Amino acid sequence: MKCPPVPPHEKERLAALDSYRLSGEMPVADLSPLVEMALHVFKVPMAAVNMIGSDHVFFAASAGFGAVDKRREVSFCAHTILQGKVMVVPDAEQDERFHDNPLVTGAAGIRFYAGAPLLSGDGHAIGALCILDTFPRVGFASEERERLSQLAHVVMDRLEIRRIGDLASRRGNEIHVRAVDPEQLSLLASTDALTGLANRRQFYRAVEATLLCGHPCAVLMLDIDGFKDINNILGPEAADDVLKAIAGLLSAETTAGATVARVGGDEFAVVLGGLSEAMAESFARLLLSKITSLHPLVGEDVTISASCGIAFSPHDTKAAAELIGDADLALHAAKISRSASIALYSPALRNEALDRRLSSLDLHRAVSNGELRLFYQPQVRLDDGALVGAEALIRWLHPSRGLLLPAVFLPSLDAGPLASVVGRWVIEEGCAQAARWRRSGAGGFRMAVNLFASQVRSGDLPKQVEDALDRHSLPPEALELEITENIVLSNDAIALDALTELRAMGVGIAFDDFGTGFASLSLLTRYPVNCIKIDRSFVQAMLRSPREAAVVSSILQMGRALEIDVIAEGIETEEERSYLADRACPEGQGYLFGRPMPAQEFEALLLSPGR
């Protein structure tokens, strides 16, 4: 069992916990409904608000527990307070920190755990809101993490109100309470310091109060488009000016009785009573239009825009946490839509979120059960047709849906925690296969492998590659790692260092989908690229479009000038091959030479007579 380390500033953390005057013997009645809500929302048998003392833990509220070992050293939540974010343990028996923990091996039989840290006003983690199950759960979607985090905020909201009330009741005996107005304390606990709007806790309370009145209401969630770019390019002061300008606009445009809040970095929320769906959507359009007309940055020609998600009560739900979550799902739909900046919540959005969760669960099972496969697409020299390499492409042999192409699952895989695991497997499998083929007579054969962004930024990619090459006695030049613009566009020093080290080892670095991004040319001067791949969109249009033909010619000329290899993707006809060969394009791949195929089929092609 791995005991949790003591957090930094433990003395201050314990003082913060003590300021809430909680007792292990006296549960906090206000928190019981939130624990019950956690049971309902996450469909788990156990949930608790767990406070972490110096050598023990105690429940401020709990449901579903029997007798539990409350030593701090065995507590899952004692690990959560070190995270700063939601901690998830899909299967405690498979986790080196907990596999021999008494809570796992004993009568409690804990297998699944998720906990969100409870942060005091000065940022100390005093405990966690946790949910547990006696069965493992492979996958806990980002929407679920966010919802658990939201509930943790509400827990702290209620604890803060309780603390302020307790301070006020003791103000005659404690000097620091006499010096501070209790109303001022209450205001600070419920207000966003930058904008003066209600904060997330206060907004939840406002939604809860509106629903208790029984009136129909709408929750609008608004998010600023491209806010990260404003912050990165123009700086945090400019970003703050934008936030304050939008806060002022929202306050001015909403009617009495509405609550406007800043609930995240660039996310705002409004709760309005008595609006129909049509009225709420019309009001949202008015807000977005006025946001676009804002010009808060003097001397900067910056257009501000936003997206909005809307949910309604009682139409969508009567629970505050679910209503806010529904509006968040609608906001997500608006953000990814290419045709609309406003989206209304519908059950289909929750079903899509559930599908994403199920896809995540499926992917975990696929990795565990070995359902992922590598297919190989030929890469040939265009002047003589020699088969010189292959690009390893991932496929999913799903037990019920058959062979799935990357478009179905790769976005979820790339954005999730399994990317580094699968990426490591692809490198290992690709190197093993290349080594087998080279030993079988395919001298000089090269294997191209696509990288996930998380691999490049992991810090140990060069060691992974070096170990794989050594294990299979494969020379570095036999491996080529393909990167895309989104991997390197952030000027990440870790990514640059990793790629530079790999190139110094002799491993090839290829820039995939070249020409489709706005920064491709400048990236060639900073990153150690030795190969560029002309995107298929240019290849398939070059015979009928002078613009695409000019792009292809320019890339080929640039490759020769920089002494960088060039591979043309998407070659499907003899005319395309001939056009590129006449212009001295060295290599190509595409359906003309072969579709992606299983290893056995590729081997027959590679080792056939005449090759």
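Exactly one of these conditions fails for Ala320: (1) farther than 17 Å from Ile342 by Cα; (2) out of contact with any Asp or Glu (no Cβ under 8 Å at 6 or more places or on another chain); (3) buried (at least 22 other Cβ atoms within 10 Å of the Cβ). Give me its number.
Against the list (1) farther than 17 Å from Ile342 by Cα; (2) out of contact with any Asp or Glu (no Cβ under 8 Å at 6 or more places or on another chain); (3) buried (at least 22 other Cβ atoms within 10 Å of the Cβ), Ala320 comes up short only on (2).
Looking at the stretch 40-48, is at least one residue assigned by TED's automatic domain parsing to the domain that holds Gly127, over 27 Å from the mean Cα position of the chain (by Cα), within 23 Å of Leu151 (Cα to Cα) and assigned to a helix (DSSP H, G or I)?
No: zero hits.
Which residues, counting only those in the stretch 43-62, are surrounded by fewer than 19 Cβ atoms within 10 Å (Cβ to Cβ) and under 20 Å from Ala114 (Cβ atoms)? Lay out the reasoning, then the answer.
Keep residues of the stretch 43-62 that are surrounded by fewer than 19 Cβ atoms within 10 Å (Cβ to Cβ), which gives 43, 45, 53-56, 62.
Residues satisfying the conditions are Lys43, Pro45, Ser62.
List the residue pairs whose Cβ atoms are under 7 Å apart, where the first residue sits in the stretch 56-70 and is under 19 Å from Arg21 (Cβ atoms), the second is among the charged types (D, E, K, R) and surrounded by fewer than 18 Cβ atoms within 10 Å (Cβ to Cβ), and the two are 6 or more positions apart or on different chains.
Pairs found: His56/Lys70; His56/Arg71; His56/Arg72; Val57/Lys70; Val57/Arg72; Phe58/Lys70.
Quick check on this structure: which one of Val68, Val49, Val41, Val89 is under 13 Å from Gly127 (Cβ atoms), of a type in the set (A, V, I, L, M) and either modelled with pLDDT of 90 or more or out of contact with any helix residue (DSSP H, G or I) (no Cβ under 6 Å at 6 or more places or on another chain) (or both)? Before the answer, list the steps.
Numbers: Val68 fails: under 13 Å from Gly127 (Cβ atoms); Val41 fails: under 13 Å from Gly127 (Cβ atoms); Val89 fails: under 13 Å from Gly127 (Cβ atoms).
Result of the check over Val68, Val49, Val41, Val89: Val49.
Give the residues of the stretch 447-464 that are in contact with a Leu (Cβ under 9 Å, 6 or more places away or on another chain) and within 11 Å of Gly423 (Cα to Cα), sorted by residue number.
The initial filter retains those residues of the stretch 447-464 that are in contact with a Leu (Cβ under 9 Å, 6 or more places away or on another chain), namely 447-452, 455-456, 461-462.
Answer for the stretch 447-464, where residues must be in contact with a Leu (Cβ under 9 Å, 6 or more places away or on another chain) and within 11 Å of Gly423 (Cα to Cα): Val449, Asn450, Leu451, Phe452, Gln455, Val456, Leu461.
Condition first: surrounded by 18 or more Cβ atoms within 10 Å (Cβ to Cβ), under 21 Å from Ser368 (Cα atoms) and without any contact (Cβ under 8 Å) to a residue 12 or more places away in the chain. Can you find one or more residues in the stretch 404-411 that meet it?
So far as the stretch 404-411 goes, yes, one or more of its residues are surrounded by 18 or more Cβ atoms within 10 Å (Cβ to Cβ), under 21 Å from Ser368 (Cα atoms) and without any contact (Cβ under 8 Å) to a residue 12 or more places away in the chain.
State which residue is modelled with the highest pLDDT when the search covers only the stretch 26-38 and only residues that are closer than 17 Å to Arg145 by Cα and in contact with a helix residue (DSSP H, G or I) (Cβ under 7 Å, 6 or more places away or on another chain).
Going through the qualifying residues, I end up with Ala38.
When you go through Pro136, Pro117 one by one, which is the residue that is outside the structural domain of Phe203 (by TED's automatic domain parsing) and either touching a Pro at 6+ places or on another chain (Cβ under 9 Å) or at pLDDT below 85 (or both)?
Numbers: Pro117 fails: either touching a Pro at 6+ places or on another chain (Cβ under 9 Å) or at pLDDT below 85 (or both).
Testing whether each residue is outside the structural domain of Phe203 (by TED's automatic domain parsing) and either touching a Pro at 6+ places or on another chain (Cβ under 9 Å) or at pLDDT below 85 (or both) leaves just Pro136.
Report whether or not Asp241 is under 20 Å from the mean Cα position of the chain (by Cα) and outside any strand (DSSP E or B).
Answer is no for this residue.
Among the numbered conditions (1) in a loop (DSSP other than H, G, I, E, B); (2) surrounded by fewer than 16 Cβ atoms within 10 Å (Cβ to Cβ), tell me where Leu397 comes up short.
Going through (1) in a loop (DSSP other than H, G, I, E, B); (2) surrounded by fewer than 16 Cβ atoms within 10 Å (Cβ to Cβ) one by one, Leu397 breaks only (1).
Has the stretch 256-273 got any residue that is assigned by TED's automatic domain parsing to the domain that holds Gln202, among the hydroxyl-bearing types (Ser, Thr, Tyr) and in contact with a helix residue (DSSP H, G or I) (Cβ under 9 Å, 6 or more places away or on another chain)? Give the derivation first.
Applying the first criterion (assigned by TED's automatic domain parsing to the domain that holds Gln202) to the stretch 256-273 yields 256-273.
Of the ones still in play, those that are also among the hydroxyl-bearing types (Ser, Thr, Tyr) are 259.
Next, from what is left, pick out any that are in contact with a helix residue (DSSP H, G or I) (Cβ under 9 Å, 6 or more places away or on another chain): 259.
For the stretch 256-273, residues assigned by TED's automatic domain parsing to the domain that holds Gln202, among the hydroxyl-bearing types (Ser, Thr, Tyr) and in contact with a helix residue (DSSP H, G or I) (Cβ under 9 Å, 6 or more places away or on another chain): present.
For the stretch 267-326, how many residues are over 30 Å from the mean Cα position of the chain (by Cα) and assigned to a strand (DSSP E or B)?
2
Under 8 Å between Cβ atoms, at least 6 apart or on separate chains: pull out the pairs that start in the stretch 302-325 with a residue that is assigned by TED's automatic domain parsing to the domain that holds His215 and end on any residue that is part of a loop (DSSP other than H, G, I, E, B) and hydrophobic (A, V, I, L, M, F, W, C).
Pairs found: Ile304/Leu294.
If a residue must be surrounded by 15 or more Cβ atoms within 10 Å (Cβ to Cβ) and either in a loop (DSSP other than H, G, I, E, B) or free of Cβ contacts under 8 Å to residues at least 60 places away in the same chain (or both), how many such residues does the stretch 2-34 contain? Talk me through it step by step, then tell me what you get.
Applying the first criterion (surrounded by 15 or more Cβ atoms within 10 Å (Cβ to Cβ)) to the stretch 2-34 yields 4, 7, 13-14, 16-17, 19-20, 22, 27-28, 30-32, 34.
Subsequent filtering for residues that are either in a loop (DSSP other than H, G, I, E, B) or free of Cβ contacts under 8 Å to residues at least 60 places away in the same chain (or both) retains 4, 7, 14, 19-20, 22, 27-28, 32.
The qualifying residues number 9.
How many of the residues in the stretch 422-456 are closer than 19 Å to His472 by Cα, assigned to a helix (DSSP H, G or I) and out of contact with any His (no Cβ under 8 Å at 6 or more places or on another chain)?
14
Confirm whether Ala415 is modelled with pLDDT under 95, buried (at least 20 other Cβ atoms within 10 Å of the Cβ) and not β-branched (Val, Ile, Thr). Break it down stepwise before answering.
Details: modelled with pLDDT under 95: yes; buried (at least 20 other Cβ atoms within 10 Å of the Cβ): no; not β-branched (Val, Ile, Thr): yes.
So Ala415 fails the test.
If a residue counts only when it is crowded, with 18+ Cβ neighbours inside 10 Å, assigned by TED's automatic domain parsing to the domain that holds Glu485 and modelled with pLDDT of 95 or more, which helices (runs of 4 or more DSSP H) contained entirely in the stretch 499-611 have at least 2 such residues? Step through it out loud before you land on a result.
Working: elements: 520-526, 536-539, 546-562, 574-582, 599-606.
Correct list: 574-582.
Within the stretch 125-149, track down each residue that is assigned to a loop (DSSP other than H, G, I, E, B) and either crowded, with 21+ Cβ neighbours inside 10 Å or under 24 Å from the mean Cα position of the chain (by Cα) (or both). Please lay out each step first, then the result.
If we filter the stretch 125-149 for residues that are assigned to a loop (DSSP other than H, G, I, E, B), which is where we start, we get 134-141.
Listed by number, the residues that qualify are Pro136, Arg137, Val138, Gly139, Phe140, Ala141.
Filter the stretch 326-341 for residues that are touching a helix residue (DSSP H, G or I) at 6+ places or on another chain (Cβ under 9 Å) and free of Cβ contacts under 8 Å to residues at least 40 places away in the same chain; which is surrounded by the fewest Cβ atoms within 10 Å (Cβ to Cβ)?
As a first pass, look at the stretch 326-341 and keep what is touching a helix residue (DSSP H, G or I) at 6+ places or on another chain (Cβ under 9 Å): 326, 328-330, 332-333, 340-341.
From what's left, free of Cβ contacts under 8 Å to residues at least 40 places away in the same chain: 332-333, 340.
Values: His332: 20, Ala333: 21, Ala340: 11.
Among those that are touching a helix residue (DSSP H, G or I) at 6+ places or on another chain (Cβ under 9 Å) and free of Cβ contacts under 8 Å to residues at least 40 places away in the same chain, it is Ala340.
Would you check which residues across the stretch 71-98 are part of a loop (DSSP other than H, G, I, E, B) and free of Cβ contacts under 8 Å to residues at least 24 places away in the same chain and list them?
Residues of the stretch 71-98 that are part of a loop (DSSP other than H, G, I, E, B), as a first pass: 75-76, 81-86, 90-91, 95-98.
Matches in the stretch 71-98: Asp95 only.
Give the number of residues within the stretch 265-309 that are modelled with pLDDT under 85 and surrounded by 21 or more Cβ atoms within 10 Å (Cβ to Cβ).
Total meeting the criteria: 0.
Answer with yes or no whether Ala434 is touching a strand residue (DSSP E or B) at 6+ places or on another chain (Cβ under 6 Å) and not basic (Lys, Arg). Spell out the reasoning first.
Numbers: touching a strand residue (DSSP E or B) at 6+ places or on another chain (Cβ under 6 Å): yes; not basic (Lys, Arg): yes.
It is true that Ala434 is touching a strand residue (DSSP E or B) at 6+ places or on another chain (Cβ under 6 Å) and not basic (Lys, Arg).
From Ser341, Ser368, grab the single residue that is of a type in the set (S, T, N, Q) and at pLDDT 85 or above. Talk me through it step by step, then tell me what you get.
On the way: Ser368 fails: at pLDDT 85 or above.
After applying the criteria, what remains is Ser341.
Here is a check on your reading of the model: is Glu253 of a type outside the set (Gly, Ala, Ser) and in contact (Cβ under 8 Å) with a residue 40 or more places away in the chain? It would help to see each step written out before you state the result.
Working: of a type outside the set (Gly, Ala, Ser): yes; in contact (Cβ under 8 Å) with a residue 40 or more places away in the chain: no.
No: the conditions fail for Glu253.
The values are calculated or read from the model by the stated rules, or taken from the named source; none is laboratory data. The shown structure was predicted, so the numbers you read here are calculated from the model rather than taken from an experiment. For neighbour counting, all protein chains shown are included, and Cβ atoms are generated from backbone atoms with ideal geometry for every residue, glycine included.
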